[in-house]
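Working notes, beginning with the structure itself.
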Amino acid sequence: MASVKISSGKSFNSAAGDSMLDSARAEGLTLEYSCRTGRCGVCKTKVLSGETEAFLDELSLSPEDNLNGYVLTCCRFALTDVELDVEDIGALGDIKIRTLPCRIDALGVLASNVLQVVLRLPPNSRFTYLPGQYLDVIGPGGVRRSYSIANAQREDEKLELHIREVEQGVMSAYWFGAAKANDLLRLEGPLGTFSLREKDARNIIFLATGTGIAPVKAMLEQILKAPETVMGKQIFVYWGGRTESDIYWQPELTQLAAVFAPVLSRASSSWSGRTGYVQAAVLEDGIDLTQSVVYACGSENMIFCAREVLQKAGLPERNFYADAFVRSN
Ligand code: FES
């Protein structure tokens, strides 16, 4: 058994075959993560000393990352004692991941290819999460899919999901063809570490594509419950879609110093709003990125491009938080 030390000086044991991410969690330390399958890059961490071994392909690392000593903690265990350049996330330490039964409370249509699904938990489930996190729904036949929670914690504990239709998707066939109110499902969660952080940055920038707006909506609801937490800060919400019908929701931000900018990549000639891509829109607006924190959720491509161009334009590396939607059929 090897020992893994993180930047705060805390340490945990790592056993062969178990990811460092899971080993840390087993000892009450939460490291940044999202997909847990090597694809999103959220758990990318630099190894300062010691040897590790990968048991999953580290798909989101570049050859340059490999040369510079970066690894994915969801894909590796420690071979020797190891030191990582990573912090644990205190706020998530007390939140337990649970598997619970749930029922569909309501189904609604947000757009021609996006459903709103509201889940109801057994009374007094005390399902606690941070806005921004996601959960896995386990549906008919044990099929499991991940969805961001689209609302901040509610008294009635109901959970809203935004579900996009995936062509020939097994779970999509259920959601769009068979799901009805009161269906019994199971969920596992909350998962991921995407959530608001306490940062000094003057600007808070949200970037979303498609149903990536769901966790942004949840985080905005959290901010609206306690607007004093963002006093003196400017909030920008950029939401990218292809056409007008992709912009299926409008935030209520009048209480905040906030700007909402839908950005379309294939707008019709009648569209008078922003066009192009969300990361380009941020650059066009000339926001001081050295004084900003970014929360991005949506396609892997947007996240990859946004991280690259915004960091080149001055965004501190540790001020980019992301949750990439990794596609499953
Ligand atoms: Fe490790 Fe996504 S690559 S959590």
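The values are calculated or read from the model by the stated rules, or taken from the named source; none is laboratory data. Model, not experiment: these values are computed from the prediction. Here the Cβ positions follow ideal geometry from the backbone for every residue, glycine too, while neighbour counts run over all protein chains shown. Accessible surface is based on the protein model in full, side chains and every heavy atom, while ligands, DNA and RNA are left aside. Shrake-Rupley method; radii C 1.70, N 1.55, O 1.52, S 1.80 Å.
Only protein heavy atoms count here; under a 1.4 Å probe, Ile138 has an accessible surface of about 10 Å². Taking the alpha carbon gyration tensor of the stretch 253-325, multiplying each eigenvalue by 5 and rooting it gives semi-axes of 21, 16, 12 Å, largest first. Spacing of the modelled spin labels on Glu51 and Lys225, each 7 Å from Cα toward Cβ, amounts to 4.8 nm. Charged side chains reduced to their Cβ positions (Lys and Arg at +1, Asp and Glu at -1) give the stretch 121-213 a dipole of some 120 debye around its Cα centre. Taking Trp239, Trp249 and ordering them by how much accessible surface each has at a 1.4 Å probe, largest first, produces Trp249, Trp239.
Here the extension length gained between Thr37 and Lys199 equals 55.5 nm, from 0.36 nm per residue of separation less the Cα-Cα distance. Packing around the peptides 144-151, 15-22, taken as the average count of other Cβ atoms within 10 Å per residue, puts them in this order, highest first: 144-151, 15-22. Among the trypsin sites (Lys or Arg not before Pro) found in the stretch 168-210, those both in a DSSP coil and sparsely packed, with 10 or fewer other Cβ atoms within 10 Å of their Cβ, are Lys180.
For the cross-link pairs Lys44/Lys312; Lys96/Lys233; Lys10/Lys233; Lys10/Lys44; Lys96/Lys180; Lys44/Lys233, the ones whose C-alpha atoms lie over 24 Å apart are Lys96/Lys233; Lys10/Lys233; Lys96/Lys180; Lys44/Lys233. Rolled with a 1.4 Å probe across the full set of protein chains, the surface gives Thr290 an accessible area near 80 Å². Dipole of the chain computed with +1 at Lys/Arg Cβ and -1 at Asp/Glu Cβ about the Cα centre; of Val42, Met231, Val263, farthest Cα towards the positive end is Val263. About the centre of its Cα atoms, the chain shows a dipole size close to 700 debye [charges on the beta carbon of Lys, Arg (+1) and Asp, Glu (-1) only; nearest 20 debye]. Placing a label point 7 Å from the Cα of Glu317 along the Cα-to-Cβ direction, the residues of the stretch 42-84 with a backbone N closer than 16 Å are 42-49, 61-73, 84. In this simple spin-label model, placing a label point 7 Å from the Cα along the Cα-to-Cβ direction at both Ser8 and Thr128 gives a separation of 1.6 nm. Under 5 Å between amide hydrogens, built in the peptide plane, is the criterion, and for Asp183 it picks out Ile104 among residues at least 5 positions away or on other chains. Here, the stretch 4-157 has an Rg and a Dmax of 18.2, 53 Å when only alpha carbons are counted.
The apolar share of the surface of the chain, taken as the fraction of accessible area on carbon and sulfur atoms (1.4 Å probe, ligands and nucleic acids excluded), comes to 48 percent. Count Lys and Arg as plus one, Asp and Glu as minus one, and take only other residues whose Cβ is under 11 Å from that of Asp65; the net charge is then 0. In the chain, helices alone account for a calculated mean residue ellipticity at 222 nm of -4500 deg cm²/dmol, with every DSSP H run of four or more residues adding -39,500 (n - 2.57).
Computed log10 I(q)/I(0) for the stretch 193-329 at 0.22 Å⁻¹: -1.50, from the Debye equation with unit scatterers placed on every C-alpha and solvent omitted. The mean accessible area for residues of the chain, using a 1.4 Å probe and ignoring ligands and nucleic acids, is 47 Å² per residue. Its Cα gyration tensor gives the stretch 81-195 an equivalent ellipsoid; the semi-axes, largest first and in whole Å, are 27, 17, 13. Which whole-number percent of Cα pairs in the chain have a distance greater than 34 Å? Roughly 24 percent, once rounded to a whole number.
Applying a DSSP loop filter and a limit of 16 other Cβ atoms within 10 Å to the chymotrypsin sites (Phe, Trp or Tyr not before Pro) in the stretch 3-111 leaves Phe55.
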